[in-house]
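Participant: Sharing a structure with you now.
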Amino acid sequence: QVQLVESGGGSVQAGGSLTLSCAASAYTYSSDSYSNYCMGWFRQAPGNEREGVAAIDSGRTTSYADSVKGRFTISRDNTKNRLYLQMNSLKPEDTAIYYCAAAIPCYSGSHHSGQLRIVSYWGQGTQVTVSS
């Protein structure tokens, strides 16, 4: 069982920045190590469906939703089993609960436009609120 714990959410004014972090644990087999997983960030605003925001695969290829392209950056540190989302130039419409997600198997084509095609594990989410 893989556990994902998000942190770094909060309240910020429009134009500000936040960095989300996701700590992954319980990788017990070398063939199933963190570095083999595709990772992604999703978000869900009240009344909306959960949507993919950014994703990164085991080869560190990234993809982003059009709504965040140029403003958000996803990255991973395989030595720390950590996933990050740097969010700049935040807008009120970025307000949502942000979820970390992990997927395995991970292969070329596992994500597109910030959306993981499958999700094996979810985090609990962290609230991001952007005020105008």
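The values are calculated or read from the model by the stated rules, or taken from the named source; none is laboratory data. Keep in mind the model is a prediction, meaning the values are calculated, not measured. Virtual Cβ from ideal backbone geometry, glycine too; neighbours counted across all protein chains shown. These area figures cover heavy atoms from the full protein model, side chains too; ligands, DNA and RNA do not enter into them. Shrake-Rupley method; radii C 1.70, N 1.55, O 1.52, S 1.80 Å.
Participant: Which of C22, C38, C106 moves the most in a Gaussian network model of the chain with Cα springs under 10 Å?
Facilitator: It is C106.
Participant: Please check: in the Gaussian network model of the chain (C-alpha springs, under 10 Å), which one of A54, A102, A14 has the largest mean-square fluctuation.
Facilitator: Comparing A54, A102, A14 in a Gaussian network model of the chain, the most mobile one is A14.
Participant: While we're on this one: In percent, how large is the relative contact order of the chain, given Cα pairs closer than 8 Å and 6 or more residues apart?
Facilitator: Averaging sequence separation for qualifying contacts and normalising by length gives 36 percent for the chain.
Participant: Out of residues 5 or more away from S110 or on other chains, whose amide H comes under 5 Å of its own, with H placed 1.01 Å from N in the peptide plane?
Facilitator: Counting only residues 5 or more places away or on other chains, the set is empty.
Participant: For a label point 7 angstrom out from the Cα of S67 toward its Cβ, which stretches of segment 74-91 have the backbone nitrogen within less than 18 Å?
Facilitator: 74, 85-91
Participant: Give me the net charge for the shell around G125: Cβ to Cβ below 13 angstrom, other residues only, Lys and Arg +1, Asp and Glu -1.
Facilitator: Here the charged neighbours net out to +1.
Participant: For the chain, what is the accessible area per residue in Å², given a 1.4 Å probe and the full set of protein chains?
Facilitator: It amounts to 50 Å² per residue over the chain.
Participant: Okay, next question. Would you mind computing, in nm to one decimal, how far apart the modelled labels at E93 and H112 are, each placed 7 Å from Cα along Cα→Cβ?
Facilitator: Modelled inter-label distance: 2.3 nm.
Participant: Out of residues 5 or more away from Y121 or on other chains, whose amide H comes under 5 Å of its own, with H placed 1.01 Å from N in the peptide plane?
Facilitator: Amide H to amide H, under 5 Å and 5 or more residues apart or across chains, Y121 pairs with A102.
Participant: Which value, in Å² and to the nearest 10, is the accessible area of E6 when all protein chains are kept and the probe is 1.4 Å?
Facilitator: 20 Å²
Participant: I'd like the carbon and sulfur percentage of the solvent accessible area for the chain, probe radius 1.4 Å, heavy atoms only, ligands and nucleic acids excluded.
Facilitator: Taking all protein chains in place, the chain shows 46 percent carbon and sulfur surface.
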